[in-house]
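Novice: Take this structure, written in structure tokens, and hold onto it; I'll ask about it next.
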């Protein structure tokens with residue numbers, strides 16, 4: 001089971017947990033196979049991550065981060081965590097904002113544009 005960003009999911013993957021919108025409404029049941037239509041619906045409801053079957057590490061879940069020095073990533077994550085300490089990082093909007101800030105910090109330290117774009 002792996003939590004991956006919605007931008008990295010592909011049709012044919014199997015959802016390992018119910019996909020829910022912010023109010024808790026189930027958009028797609030666990031063990032369902034993702035289709036193009038499912039992905040469009042999930043995106044339209046603002047879901048940013050889902051759990052899928054399989055062993056996928058963070059590098060596969062976000063391939064752009066494989067180019068980053070792990071120590072550098074950890075330092076930036078720690079600094080941003082201090083700034084976000086009073087916010088609920090599990091909230092989809094706050095989580096996405098944290099990820100955007102992380103990518104911008106990485107870019108500001110001289111990494112390529114594809115880090116910002118998440119590619």
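The values are calculated or read from the model by the stated rules, or taken from the named source; none is laboratory data. Since we're looking at a predicted model, the values are computed, not measured. FYI the Cβ positions are ideal-geometry reconstructions off the backbone, even for glycines, and counts take in every protein chain you see.
Listed here are the residues, each with its yes/no results for (1) over 14 Å from residue 10 (Cα atoms); (2) at pLDDT below 90.
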| position | (1), (2) |
| --- | --- |
| 33 | no, no |
| 40 | no, no |
| 46 | yes, yes |
| 49 | no, yes |
| 55 | yes, yes |
| 58 | yes, yes |
| 69 | yes, yes |
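Novice: Do we find that residue 62 is touching a strand residue (DSSP E or B) at 6+ places or on another chain (Cβ under 8 Å), modelled with pLDDT of 90 or more and within 18 Å of residue 2 (Cα to Cα) in this structure?
Specialist: When the stated conditions are applied, residue 62 does not pass them.
Novice: Give me the residue from segment 1-24 that is touching a helix residue (DSSP H, G or I) at 6+ places or on another chain (Cβ under 7 Å) and part of a loop (DSSP other than H, G, I, E, B) and, out of that set, modelled with the highest pLDDT.
Specialist: Selected residue: 11.
Novice: Still on this structure, I have one more. Among the listed residues 73, 78, 87, 27, which satisfies the condition of being closer than 16 Å to residue 102 by Cβ, modelled with pLDDT of 85 or more and not in a loop (DSSP other than H, G, I, E, B)? Write out each step before concluding.
Specialist: On the way: 73 fails: modelled with pLDDT of 85 or more; 87 fails: not in a loop (DSSP other than H, G, I, E, B); 27 fails: closer than 16 Å to residue 102 by Cβ.
Exactly one residue qualifies, and that residue is 78.
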